[in-house]
Amino acid sequence: MSDAQTPTVQIVDNAAANRYEAIIGSELAGFAEYIRTKQLIAFVHTEVNPGYEGQGIGAALVRSSLNEARAAGLAVLPVCPFYAGWIARHPEYQALVYSGKSKVSD
């Protein structure tokens, strides 16, 4: 698919629904559900509508949401396999991943 055929995707954080949404025109093309705390955002499920698969919608959701997490100083927990795989292929985002190390005092 050439760039001329790639749809313009708008990514919005629908905080009321706990998900980032990919909007093309007036249609919901996909979404990434999350659970958010003050320090962490866990991405738990990503879905792209069948008519939009293979058009970079999932990647746009991940990139935009991770950029927002970085700007907000949030650690990321990629529970969703799509997020985990995408981050593994993009080392510039791996520093965002929550390490799971708890601080234990003696």
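Coordinate-derived values only; no laboratory data. Predicted model only: the values in this text are computed from it and were never measured. Here the Cβ is made from the backbone with ideal geometry for all residues, glycine too, and neighbour counts use every protein chain on show.
Going through the range 26-44 one residue at a time, which ones are in a strand (DSSP E or B) and in contact with a Gly (Cβ under 9 Å, 6 or more places away or on another chain)?
If the condition is that a residue be in a strand (DSSP E or B) and in contact with a Gly (Cβ under 9 Å, 6 or more places away or on another chain), then Glu27, Ala29, Gly30, Ala32 are the ones that fit.
Suppose we filter the range 30-49 for residues that are in contact (Cβ under 8 Å) with a residue 40 or more places away in the chain and crowded, with 19+ Cβ neighbours inside 10 Å; how many remain?
The qualifying residues number 2.
State the number of residues belonging to the range 75-105 that are crowded, with 19+ Cβ neighbours inside 10 Å and of a type in the set (A, V, I, L, M).
Residues meeting the conditions: 3.
Look at Glu47 and say whether it is among the acidic types (Asp, Glu) and either assigned to a strand (DSSP E or B) or farther than 24 Å from Pro91 by Cβ (or both).
yes
Looking at the range 14-28, can you tell me whether even one residue there is of a type in the set (Asp, Glu) and closer than 22 Å to Tyr93 by Cα?
Yes, that holds for at least one residue.
Enumerate the pairs (first residue in the range 56-83 and in a loop (DSSP other than H, G, I, E, B); second residue anywhere and crowded, with 20+ Cβ neighbours inside 10 Å) with beta-carbon separation below 6 Å, excluding pairs fewer than 6 apart on the same chain, so at least 6 apart or on different chains.
Going by the 6 Å Cβ cut-off, the qualifying pairs are Leu74/Ile41; Cys80/Phe43; Cys80/Thr46.
Quick one: Tyr52 ticks every box in (1) out of contact with any Leu (no Cβ under 7 Å at 6 or more places or on another chain); (2) of a type outside the set (D, E, K, R); (3) without any contact (Cβ under 8 Å) to a residue 40 or more places away in the chain bar one, so which box is it?
For Tyr52, the exception is condition (3).
Let me spell it out: the conditions are (1) surrounded by fewer than 21 Cβ atoms within 10 Å (Cβ to Cβ); (2) closer than 16 Å to Val76 by Cα; (3) hydrophobic (A, V, I, L, M, F, W, C), and Ala15 meets all of them except one. Which number is the exception?
(2)
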